[in-house]
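A.B. asks: Next up is a structure, given as structure tokens.
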Amino acid sequence: MNKKQKIGILGLIVIFAAFIAFRVFYQKGAKLLADMYPWNYVALVVIVGLLVWYFIWAKKSGGKEEAAEVTASGKKPLLTSNQIGLAAAFGGAAFAFRALGIAVPMVPPLTMDPGALMPCLAGMCGGPVVGIIVGVARGIPSGTPAVDLWVQPIKGIYWYFVWKQIVKIEDEKKRWVVFAVSTFLLQFFVEQPLCIAGNSLILKLYDFYPTWPFTLAWYTVVYSIFQFVVFAAVVKAFPGMFNWRSNKKRKGGKAAKN
């Protein structure tokens with residue numbers, strides 16, 4: 001582990017200490033900007049803008065730095081500088097979205113919390129450890145940390161393994177179809193049951209019934225569409241970060257060689 005990595009990990013520790021202190025002494029699980037129009041939307045634009053800025057910066061320098069770190073040590077460290085940066089960026093966004101109560105309206109009274117998508121995206125582009133870190137960051141400001149502190153990190157783990165298989169598909173059109181179907185299946189058969197089990201078995205909010213995901217199937221469909229649209233937009237904008245290959249580019253490369 002080089003000096004830059006040590007500083008990065010120390011920075012992550014400081015960031016999480018600040019998150020915990022903010023949650024315990026000030027935020028206390030409340031949604032600070034919920035329904036405070038237009039400030040909630042202003043905060044949404046600012047957070048997304050900062051994420052985009054980081055992605056653009058990481059796209060230019062992240063890959064080269066990571067390759068140099070692996071070459072210098074002879075093996076890949078647990079977290080490269082690039083992964084530490086991804087954990088800080090996605091983790092900060094996940095914490096801010098939930099702490100501020102920023103959500104995208106769905107079918108009233110339901111909303112979609114962009115912060116809940118951060119562990120998934122982090123796992124997809126940064127690996128399971130980054131997904132876990134971001135999941136914890138998302139769970140800290142939650143009003144139900146007893147559930148979110150383990151459900152959110154799990155999302156970062158299973159999305160890493162699923163995404164690893166999706167990007168192996170050669171045909172891009174088939175890859176998009178598998179991506180869309182996987183988003184729905186994971187939401188319906190994994191995320192929904194995890195949340196329902198946590199809310200019923202840990203928080204005792206309602207009795208546990210295995211049929212709950214089917215009862216709320218309409219909600220899962222709508223949520224999955226929103227989720228896939230966000231995922232697809234991010235992947236399309238930054239394909240290199242997610243190891244997404246374009247058929248057009250590959251065909252162009254073959255033509256140039258011929």
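The values are calculated or read from the model by the stated rules, or taken from the named source; none is laboratory data. Remember, predicted model here, so these are calculated numbers, not experimental data. All Cβ positions, glycine included, derive from the backbone under ideal geometry; neighbour counts span all protein chains shown. Heavy atoms of the whole protein, side chains included, go into the accessibility calculation; ligands, DNA and RNA do not. Shrake-Rupley method; radii C 1.70, N 1.55, O 1.52, S 1.80 Å.
A.B. asks: Take the alpha carbon atoms of region 1-57, find their center, do the same for region 158-204, and report the distance between the two centers in whole angstrom.
C.D. replies: Here the answer is 25 Å between Cα centres.
A.B. asks: So, taking all protein chains as they sit and a 1.4 Å probe, how much accessible area belongs to residue 160, in Å² rounded to tens?
C.D. replies: Surface open to solvent at residue 160 totals about 50 Å².
A.B. asks: Okay, moving on. Could you derive backbone 3J(HN,Hα) for region 86-91 from the dihedral phi with the Karplus parameters 6.51, -1.76 and 1.60 (θ = phi - 60°), listing whole Hz in sequence and x where the residue is Gly or Pro?
C.D. replies: Karplus-based 3J(HN,Hα) across region 86-91 equals 4, 4, 5, 5, 5, x Hz.
A.B. asks: List the residues whose amide H sits under 5 Å from the amide H of residue 112, counting only those 5 or more places along or on another chain, with H placed 1.01 Å from N in the peptide plane.
C.D. replies: Hits under the 5 Å cutoff: 104, 106.
A.B. asks: Oh, and also: Based on the Cα coordinates of region 124-203, what is the per residue volume of their convex hull in Å³?
C.D. replies: That works out to 81 Å³ per residue.
A.B. asks: May I pose another question? Of the cross-linked pairs 75/236; 4/75; 3/75, which ones have a Cα-Cα span greater than 20 Å in the structure shown?
C.D. replies: 75/236
A.B. asks: Quick check: at a probe of 1.4 Å, how many percent of the accessible area of region 162-245 sits on carbon and sulfur atoms?
C.D. replies: 73 percent
A.B. asks: Continuing with this model, one more query. Hey, got a sec? Which GluC sites (Glu not before Pro) in region 151-234 land in a DSSP loop and have at most 11 other Cβ atoms within 10 Å?
C.D. replies: 170
A.B. asks: Using heavy-atom solvent-accessible surface (probe 1.4 Å) with all chains present, what is the largest-first order of 209, 37?
C.D. replies: Reading off the accessible areas and sorting them downward yields 37, 209.
A.B. asks: Take the Cα atoms of region 69-206, find their three principal axes, and give me the spread along each one in whole Å, biggest first.
C.D. replies: Its Cα atoms span 52, 33, 27 Å along the three principal axes.
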